[in-house]
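Peer 1: Dropping a structure here in C-alpha cells format, bear with me for questions.
The values are calculated or read from the model by the stated rules, or taken from the named source; none is laboratory data. None of the values given here were measured: they were computed from a predicted structure. Because the Cβ atoms are built from the backbone with ideal geometry, glycine has one as well, and the counts that use them run over all protein chains shown. Just so you know, the surface numbers come from the protein's heavy atoms only, side chains and all, with ligands and any DNA or RNA stripped out. Shrake-Rupley method; radii C 1.70, N 1.55, O 1.52, S 1.80 Å.
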Amino acid sequence: MTLKILALGGDGIGPEVVAAALRVLDVAAHSVGLDFDLSEDLLHGAAWEKYGCFIRPQTLDKAKASDALLVGATGGPAWDHIIIDGGPEEQDGLMKLRHELDVFACVRHARAWDALLDKTPFRAQTVRGADLVVMRELCGGAMFTRTRGREIHADGSQRAFDLNEYSSAEIERFARVGFEVARRRRSQVVSVDKANVFIAGKLWREVVDEIGKSEFPDVELAHFYADNASYQLCCQPTAFDVILADNLFGDLLSDQSAAIAGSLGMLPSASLADLPRTGRVQGTAIYEPVHGSAPDIAGRGIANPVGMILSLAMMLEYTAGEVNCARKIEGAVDAALNMGHATRDIGGTLGTDAMADAVIAQFRAL
Ligand code: IPM
Ligand code: MG
C-alpha cells in the first residue's frame with residue numbers, strides 16, 4: 001500500500017515543525033517498508049498571501065483524495081481581521097478542512113514524561129504516570145453552528161450569539177469513536193457536559209450513556225460536569241484514561257491537559273472521520289499538533305517539533321496501521337528527553353532540527 005500524504009505547513013512555526021516531522025517520517029517509513037506519496041501545499045495565511053484565499057479548491061480536492069494530512073498550524077494577527085462570507089469554516093483554512101472532511105472525532109493525547117515532571121506545574125508524585133486522551137467533538141456545537149451572528153441595536157448596544165447545539169446523531173457517532181479509542185487503551189471513559197444547566201448537555205449525557213451501555217458494556221463509563229472534570233484533571237491527572245467532550249469543552253480541556261506534558265508543544269492530535277473496531281482508519285484523517293502558530297517565535301528555528309512528531313506517530317498508528325512503529329517513535333521521544341535533549345519551551349537549548357535529530361538518533365538506536 002502507498003500512503004497518500006498531503007503536508008500543509010500553514011503559518012508561523014507550522015512549516016518548521018512539519019519539515020522536522022517529515023525527516024522523522026522518512027526514517028520511520030523506511031524502517032517498516034512503508035511507501036508513501038508526499039505532496040505539499042499552502043494553507044490559511046500562507047495561501048492567502050499567494051492566492052488570496054485560505055485554501056484553494058484544488059488543495060481541498062487533493063486533501064479529500066489523500067489518506068492523511070499533516071498540518072503544522074494556522075492563523076496569525078495578519079489574517080485575524082479578514083472576514084469571509086459564510087460559516088465559521090470559511091474563516092480559517094484548517095476549520096474548512098475539518099468541516100469538509102467531516103473529521104468529527106479528535107484524539108488529543110497527553111502524557112507525563114519522566115524527564116519533564118519538574119517542567120510541569122504539578123508535584124512529581126501527582127503527575128507521574130499520567131497518560132490520557134481528550135476526545136474532542138470537532139465538527140459541531142457552538143464552533144460550527146449556523147445560528148450565529150451579531151446585531152447592532154438602535155441605541156448602539158450590541159448582541160452576539162453562537163448557538164451551542166448538538167443533534168443525537170452527532171453525539172452518537174462521536175461517542176462510538178470515543179469508546180473505540182478507549183477500547184484500544186485502558187477502557188475507561190469520563191464523559192463531560194453541563195447537563196445540570198444546558199439542555200444540549202442533558203442530551204449529550206443521555207446519548208453517551210445509551211451508546212455506552214448498549215454497545216460498549218465492557219468500557220467503564222462515568223459522567224462528570226465539565227467544571228468538575230477540569231478541577232479533577234488538576235488534582236488527579238493519573239485518574240483519567242479517555243475524556244469525551246464537545247467541541248468547546250474539548251478545546252479547553254485539551255490545552256489544560258498539555259500542562260501534564262510540560263508544554264503545549266508536546267501534544268499531538270488525530271482528527272478522524274471513523275475508527276473501526278480493529279485495523280486502520282479508512283477515511284482521510286488530519287494529524288496536527290495541538291499548539292498554535294506561535295508568530296512570536298516563527299522563523300527562528302526554535303519551535304518544539306515533538307507535538308508534530310507525535311502526530312506523525314498517530315498517523316502511523318491510525319492511518320497506516322503501523323502500531324509498533326508508532327510506539328517506537330514515542331519511545332524515541334521519551335529516550336531523547338531522558339538524555340536531556342530539549343527545546344526551550346521544556347527547559348533546553350536545542351533548536352527544532354536538532355530536537356528532531358535527537359529523536360531520529362534514538363529511533364535508530366531502539
Ligand atoms: C485548536 C485550536 C483551534 C480550535 C483554533 C486555532 C481555531 O485552538 O485546534 O485547538 O479552536 O479548534
Ligand atoms: Mg485549541
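Peer 1: From the phi of every residue in the stretch 107-120, what ³J(HN,Hα) in whole Hz does the Karplus formula 6.51 cos²θ - 1.76 cosθ + 1.60 yield, where θ is phi - 60° and glycine or proline is x?
Peer 2: Values, residue by residue: 9, 10, 9, 10, 9, 7, 9, 3, 6, 10, 4, 7, 8, 8 Hz.
Peer 1: Looking at the stretch 137-226, I'd like the Rg to Rh ratio, where Rg is from alpha-carbon atoms and Rh is Kirkwood's inverse mean 1/r.
Peer 2: With Rh from the inverse mean 1/r over Cα pairs, Rg/Rh is 1.13.
Peer 1: If the only charges are +1 at each Lys and Arg Cβ and -1 at each Asp and Glu Cβ, what is the size of the charge dipole of the stretch 122-246 around the Cα centre, to the nearest 20 debye?
Peer 2: Computed charge dipole of the stretch 122-246: roughly 380 debye.
Peer 1: A further question on this structure: So what is the calculated 222 nm ellipticity per residue for the chain, using -39500 (n - 2.57) for each DSSP H run with n of 4 or more, over all residues, to the nearest 500 deg cm²/dmol?
Peer 2: Computed mean residue ellipticity for the chain: -12500 deg cm²/dmol.
Peer 1: Restricting to Cα pairs below 8 Å that are 6+ residues apart, what does the relative contact order work out to for the chain? Please round to a whole percent.
Peer 2: 21
Peer 1: Restrict the search to the stretch 102-179; then list the chymotrypsin sites (Phe, Trp or Tyr not before Pro) that DSSP places in a loop and that have at most 10 other Cβ atoms within 10 Å of their Cβ.
Peer 2: Passing both the DSSP loop test and the Cβ count: no residue.
Peer 1: Got a number for the accessible area of Asp162? Probe 1.4 Å, square angstrom, nearest 10.
Peer 2: Solvent-accessible area, nearest 10 Å²: 90 Å².
Peer 1: Follow-up question, since we're still on this one. Quick one: which residues, 5 or more positions from Lys4 or on another chain, have an amide H under 5 Å from its amide H? H modelled 1.01 Å from N in the peptide plane, none for Pro or chain starts.
Peer 2: So Lys4 has HN proximity to Asp37, Asp67, Ala68.
Peer 1: When the C-alpha atoms of the stretch 50-145 are aligned to their principal axes, what extent does each axis show, in angstrom, from largest down?
Peer 2: 50, 31, 27
Peer 1: Mind checking which of Gly212, Gly12, Gly149 has the largest fluctuation in a GNM of the chain, springs on alpha carbons under 10 Å?
Peer 2: Gly149
Peer 1: If one puts a single equal scatterer on every Cα of the chain and applies the Debye formula without solvent, what log₁₀ I(q)/I(0) results at q = 0.08, 0.11, 0.12 Å⁻¹?
Peer 2: At q = 0.08, 0.11, 0.12 Å⁻¹ the computed log10 ratios are -0.38, -0.74, -0.89.
Peer 1: Can you pull the Rg over Rh of the stretch 202-290, Cα-only, Kirkwood?
Peer 2: Rg divided by Rh gives 0.97.
Peer 1: Could you give each residue of the stretch 308-313 its phi-based ³J(HN,Hα) in whole Hz, using Karplus coefficients 6.51, -1.76, 1.60 with θ = phi - 60°, and x for Gly or Pro?
Peer 2: Couplings: 6, 5, 5, 5, 4, 4 Hz.
Peer 1: What is the distance, in nm, between label points placed 7 Å from the Cα along the Cα-to-Cβ direction at Glu100 and at Leu60?
Peer 2: Going by the 7 Å Cα→Cβ label model, 0.5 nm.
Peer 1: Given Cα pairs under 8 Å that are at least 6 residues apart, what percent is the relative contact order of the stretch 172-326?
Peer 2: 20
Peer 1: Let's see if you can work this out: charge +1 on each Lys and Arg Cβ, -1 on each Asp and Glu Cβ, no other charges. What is the dipole magnitude of the stretch 1-153 about its Cα centre, in debye to the nearest 20?
Peer 2: Computed charge dipole of the stretch 1-153: roughly 460 debye.
Peer 1: Just to verify a number: FRET efficiency for Leu366 and Arg159, C-beta to C-beta distance, R0 = 45 Å, to 0.05?
Peer 2: The computed FRET efficiency comes out at 0.20.
Peer 1: Quick check: residue separation of Ala124 and Gln236 times 0.36 nm, minus the Cα distance between them. What number comes out in nm?
Peer 2: 39.1 nm
Peer 1: For a quick check: with amide H placed at 1.01 Å from N, whose amide H comes under 5 Å from Leu221's, ignoring anything fewer than 5 positions away on the same chain?
Peer 2: Residues meeting the amide H criterion: Val189.
Peer 1: May I pose another question? Tally Lys and Arg at +1 and Asp and Glu at -1 over the other residues with C-beta under 13 Å from the C-beta of Arg300: what net charge comes out?
Peer 2: Its environment carries a net charge of -3.
Peer 1: Could you run the Karplus curve 6.51 cos²θ - 1.76 cosθ + 1.60 with θ = phi - 60° over the stretch 199-209 and give me ³J(HN,Hα) per residue in whole Hz, x for Gly and Pro?
Peer 2: For the stretch 199-209, the Karplus-derived couplings read 5, 4, x, 5, 4, 3, 5, 4, 5, 4, 4 Hz, x marking Gly and Pro.
Peer 1: In addition: Give the lysines whose C-alpha is closer than 23 Å to that of Lys202, dropping any in the same chain fewer than 8 places away, or say none.
Peer 2: By straight Cα distance, Lys202 reaches Lys194, Lys213.
Peer 1: Separate question: How many angstrom lie between the C-alpha centres of the stretch 74-100 and the stretch 170-217?
Peer 2: That distance is 29 Å.
Peer 1: Put +1 on the Cβ of each Lys and Arg and -1 on the Cβ of each Asp and Glu in the stretch 118-225; which of Ser214, Phe122, Phe198 then has its Cα farthest toward the positive end of the dipole?
Peer 2: Phe122
Peer 1: Can you work out D for the stretch 1-116 in µm² s⁻¹ from Stokes-Einstein, where Rh is the Kirkwood radius over C-alpha pairs, the temperature is 4 °C and the viscosity is 1.567 mPa s?
Peer 2: Calculated translational D: 84 µm²/s.
Peer 1: Expressed as a whole number of Å, what is the distance separating the alpha-carbon centroids of the stretch 311-334 and the stretch 6-59?
Peer 2: For the stretch 6-59 versus the stretch 311-334, the Cα centre distance is 18 Å.
Peer 1: Scan around Leu34 for amide H atoms under 5 Å from its own, H built in the peptide plane at 1.01 Å from N, and keep only partners 5 or more places away or cross-chain.
Peer 2: none
Peer 1: Determine by what factor the alpha-carbon radius of gyration of the stretch 219-366 differs from 2.2 N^0.38 Å, reporting the quotient.
Peer 2: 1.12
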